[in-house]
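The values are calculated or read from the model by the stated rules, or taken from the named source; none is laboratory data. Bear in mind that the values here come from a model prediction, so they are computed numbers and not experimental data. Counting neighbours? That spans all protein chains shown, and the Cβs are built from the backbone with ideal geometry, glycine included. In case anyone asks, the SASA skips ligands and DNA or RNA and just uses the protein heavy atoms, side chains included. Shrake-Rupley method; radii C 1.70, N 1.55, O 1.52, S 1.80 Å.
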Amino acid sequence: MKNLKLTTIKVKNQARTLVKVKDITIGEGFTVIAGPCSIESEEQAIETAIRVKEAGADILRGGAFKPRTSPYAFQGLGIKGLQILEKAGKESGLPVVTEVLDPRDVSWVCEYVDILQVGTRNMQNFSLLKEVGKAGKPVLLKRGMFSTLSEWLSCAEYVLAEGNPNVILCERGIRTFESYTRNTLDLAIVPSIKEVSHLPVIVDPSHGTGRLSLVERMCLASIAAGADGVMVEVHRNPAEALCDGDQSLSPPMFMSMMKKVRKLQECMVEINALDRESSK
Amino acid sequence: MELKEIRKKIDLLDSRILRILNYRMELALMAKKLKTSIEDKDREKEILERIRLNSTGLINAEFVEKVYTEIIKESKGLQQRDHRLIGFQGEHGAYGEVALRAWNSEWVSVPCAGYSAVFEGIKKGLFDYGIVAVENTLGGVVGEVNELLVNTDLYVAGAVELPVYLCLMTLPGTDHRDIRSVYSSSQALVQCHNFLERNHLEALQYYDSAGAAKMLAEDTPKSSAVIASKLAAEIYDLEIIKEDIDDFERNMTRFLILSAKANVAEGDKCSILFSTAHRAGTLFSVLEIFAKHDINLTRIGSIQSGAGNYTFFLDFIGSNKDEKVISSMEQIKKVTSSLRFMGCYKEKRVD
Ligand SMILES: [Mn+2]
């Protein structure tokens, strides 16, 4: 990790990076990002946005440019999707995040959204990283599915080196021999990041597990692991989703998960206080 | 050419044919303002004769006569109804037309090449009204219009304050990554300067924003977009890439609705025009009269009219039926070298 100049902790008690997006501060408390895998229609996006907002989400997610394994799968609505996402954000009052795939799209995507996401498949797309580094909007950098912690931080380093300090790391599961889950959610990475880096880190249990039944548990586990937030896929009607319907929560499921999230957050305040006491 | 491409061209052409037909109907309504009877058999014969002679290629005389008989029938039908015609500067889709639709969507809006054509048209009776921009929060006053207002005997019949939403649009199906050049009016381009810079787009001046939209739809230049109103996107079948792209929070334009006759409907706002003798303190004495009568001024503008002489525009809140307005007008008359009451009217603020 000796090539990491900007992403690692250099001095004891170094201040942690706080990423401000409108009224939300990522790195303070527990930020919940929720929304559909992809924007499918105006009604779908707005209804989902309003329902996740009601349940207590802080930020809306939604894909417009989709990196699909198959070229024949739904590729997203593109600019139209961005227009809808922006509108859904305005109607619900939530800041919005979307993935940007192509360096040529970075400036355009910035016109519609508050946070740029670099997806797992693009974690090491260095020209994209440089471009988002120049863009002046916070970047949510997903962990590559075959990447080590230091490779991941190295990619964050690209963004910081361009003068953009607002990077949020996002653990989304890595490839292992385990096949029951879509990926293996590596929760140990969360406290590991906290030991070496000042950047906020969140967890994506939807892609991390690929299984609806596991999302809530892994979300709660993320809180216990010390994550700064989660990103979960919520669809107003998962059975009809054009993408990742199997791992998307319905709004009532999300609502019930959020109750537990806030409850556990309260408990964590006490637990963290104990931590501080024992470290004295 | 592939089938998809041919169909795209047909779609563009169809919407162009409709726009031209609309233009023909507008002209018919304008002609009606100048003639006494709708029925004019000689003129109809003349039109059909000319059309028959002009039919070329696949268009045979019989077909063209059928089409034109229908067009003439429709335009006579329109002429029989009582339409209010209102002139605006620019092409269809201009912000003046947007403001007008907010004021009264039943009125027929007719594009004019310039502001003076709007004034002329009202005077000649071609239009019942005209709508002109007088000031913009970013660009200041519209000098040309103020100049025309000073020298006109038209009245103000209403006002509209319109938020200007500048939108980036392209021909349907254009990939945003292919956009290189953006056409629009110089004002619109200046107001979107940062947006254009951020996205590495070249700004190309055009005489009018809606005119640029029309040009894009008709000439289909490659790798191009235009900045114009949402209405222009609807009219010219263009696809909006991004709404509200200007660099400023508050971009409002104020329009006046002009008429040859003084407004008789209720109003709560008034406009006056006056000149003062070229000596110190005369403008002050006018303002003092308003202050003493406790009348709120909403706009004051001036224009140089001849060497050392200034004419002032003044808008204030009140009705010409209010006692204090009547009394202040009488007093102002005494301290000014000329005073013209341009109208008492309602002002509409569009959100
Ligand atoms: Mn997904």
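Considering only residues in the range A:46-78 that are in contact with a strand residue (DSSP E or B) (Cβ under 6 Å, 6 or more places away or on another chain) and within 14 Å of chain B (Cβ to nearest Cβ), the one that is most open to solvent (accessible area, probe 1.4 Å) turns out to be A:Gly76. When both residues are 6+ apart or on different chains and their Cβ atoms are under 9 Å apart, which pairs have a first residue that lies in the range B:215-227 and is under 12 Å from B:Asp178 (Cα atoms), and a second that is of a type in the set (D, E, K, R)? Sorted first by the residue in the range B:215-227, then by its partner, the pairs are B:Lys222/B:Asp178; B:Lys222/B:Arg180; B:Ser223/B:Asp178; B:Ser223/B:Arg180; B:Ser224/B:Arg180; B:Ala225/B:Arg180.
Can you find, within the range B:190-205, the residue that is farthest from B:Leu216 (Cα to Cα) among those that are more than 11 Å from chain A (Cβ to nearest Cβ) and buried (at least 17 other Cβ atoms within 10 Å of the Cβ)? Restricting to residues being more than 11 Å from chain A (Cβ to nearest Cβ) and buried (at least 17 other Cβ atoms within 10 Å of the Cβ), the top hit is B:Gln191.
Taking the listed residues B:Thr253, B:Thr282, B:Thr298, the one that is buried (at least 20 other Cβ atoms within 10 Å of the Cβ) and among the hydroxyl-bearing types (Ser, Thr, Tyr) is B:Thr253, with no other qualifying. Selection within the range A:194-210: residues that are open to solvent by less than 20 Å² (accessible area, probe 1.4 Å) and closer than 25 Å to A:Ile9 by Cα. The member of this set that is farthest from the ligand (Cβ to nearest atom) is A:His198.
For the range A:15-45, a residue qualifies if it is closer than 18 Å to A:Ile168 by Cα and open to solvent by 60 Å² or more (accessible area, probe 1.4 Å), and the qualifying residues are A:Ala15, A:Arg16, A:Leu18, A:Lys20, A:Lys22, A:Asp23, A:Glu28.
With the condition kept exactly as written, say whether any residue in the range A:72-80 is among the polar types (S, T, N, Q), touching a helix residue (DSSP H, G or I) at 6+ places or on another chain (Cβ under 9 Å) and within 16 Å of the ligand (Cβ to nearest atom). Checking the range A:72-80: not a single residue is among the polar types (S, T, N, Q), touching a helix residue (DSSP H, G or I) at 6+ places or on another chain (Cβ under 9 Å) and within 16 Å of the ligand (Cβ to nearest atom).
Hey, among the residues in the range B:169-189 that are within 20 Å of the chain's Cα centre (by Cα) and not in a loop (DSSP other than H, G, I, E, B), which one's surrounded by the fewest Cβ atoms within 10 Å (Cβ to Cβ)? Taking the candidates together, the pick is B:Ser186.
If you check A:Ser250, A:Ser213 for being surrounded by fewer than 20 Cβ atoms within 10 Å (Cβ to Cβ), under 25 Å from A:Pro67 (Cα atoms) and away from the ligand (no atom under 16 Å from the Cβ), only one passes: A:Ser213. Being within 14 Å of chain B (Cβ to nearest Cβ) and either in a helix (DSSP H, G or I) or under 21 Å from A:Asp228 (Cβ atoms) (or both) is a property that holds for A:Lys137.
Considering only residues in the range B:318-342 that are part of a strand (DSSP E or B) and touching a Ser or Thr at 6+ places or on another chain (Cβ under 6 Å), the one that is surrounded by the most Cβ atoms within 10 Å (Cβ to Cβ) turns out to be B:Met342. Among the residues of the range B:303-312, is any closer than 19 Å to B:Gly158 by Cβ, part of a strand (DSSP E or B) and either basic (Lys, Arg) or in contact (Cβ under 8 Å) with a residue 40 or more places away in the chain (or both)? No, the range B:303-312 contains no residue that is closer than 19 Å to B:Gly158 by Cβ, part of a strand (DSSP E or B) and either basic (Lys, Arg) or in contact (Cβ under 8 Å) with a residue 40 or more places away in the chain (or both). Apart from one condition, A:Arg276 fits all of (1) open to solvent by less than 40 Å² (accessible area, probe 1.4 Å); (2) out of contact with any Ser or Thr (no Cβ under 9 Å at 6 or more places or on another chain); the exception is (1). For the range A:116-129, a residue qualifies if it is open to solvent by 10 Å² or more (accessible area, probe 1.4 Å) and either in a loop (DSSP other than H, G, I, E, B) or within 14 Å of chain B (Cβ to nearest Cβ) (or both), and the qualifying residues are A:Gln124, A:Asn125. Scanning the range A:216-247 for residues being more than 20 Å from A:Gln44 (Cβ to Cβ) and either away from the ligand (no atom under 16 Å from the Cβ) or surrounded by fewer than 16 Cβ atoms within 10 Å (Cβ to Cβ) (or both) gives a total of 12. Going by the conditions given, is A:Lys259 touching a strand residue (DSSP E or B) at 6+ places or on another chain (Cβ under 9 Å), open to solvent by 40 Å² or more (accessible area, probe 1.4 Å) and more than 16 Å from the ligand (Cβ to nearest atom)? Judged against the criteria, A:Lys259 is not a match.
Which residue pairs have Cβ atoms under 7 Å apart, sit 6 or more places apart or on different chains, and have a first residue in the range A:190-207 that is within 11 Å of A:Ala225 (Cα to Cα) and a second that is within 16 Å of the ligand (Cβ to nearest atom) and of a type outside the set (A, V, I, L, M, F, W, C)? From residues that are within 11 Å of A:Ala225 (Cα to Cα), the pairs are A:Val190/A:Glu171; A:Val201/A:Glu171; A:Val203/A:Glu171. Every condition in (1) surrounded by fewer than 22 Cβ atoms within 10 Å (Cβ to Cβ); (2) in a loop (DSSP other than H, G, I, E, B); (3) within 14 Å of chain B (Cβ to nearest Cβ) holds for A:Val113 except the one numbered (1). When each of B:Asn199, B:Asn151 is tested for being without any contact (Cβ under 8 Å) to a residue 24 or more places away in the chain and farther than 16 Å from B:Asp246 by Cβ, the lone residue that passes is B:Asn151. For the range B:214-250, the candidate set comprises residues that are open to solvent by less than 10 Å² (accessible area, probe 1.4 Å) and more than 14 Å from chain A (Cβ to nearest Cβ); within that set, the residue that is farthest from the chain's Cα centre (by Cα) is B:Ser224.
Of the helices (runs of 4 or more DSSP H) that lie entirely inside the range B:49-129, those containing 1 or more residues that are modelled with pLDDT of 95 or more and surrounded by 21 or more Cβ atoms within 10 Å (Cβ to Cβ) span B:95-103, B:115-124.
If the condition is being open to solvent by less than 10 Å² (accessible area, probe 1.4 Å) and more than 14 Å from chain B (Cβ to nearest Cβ), then the range A:98-110 contributes only A:Thr98.
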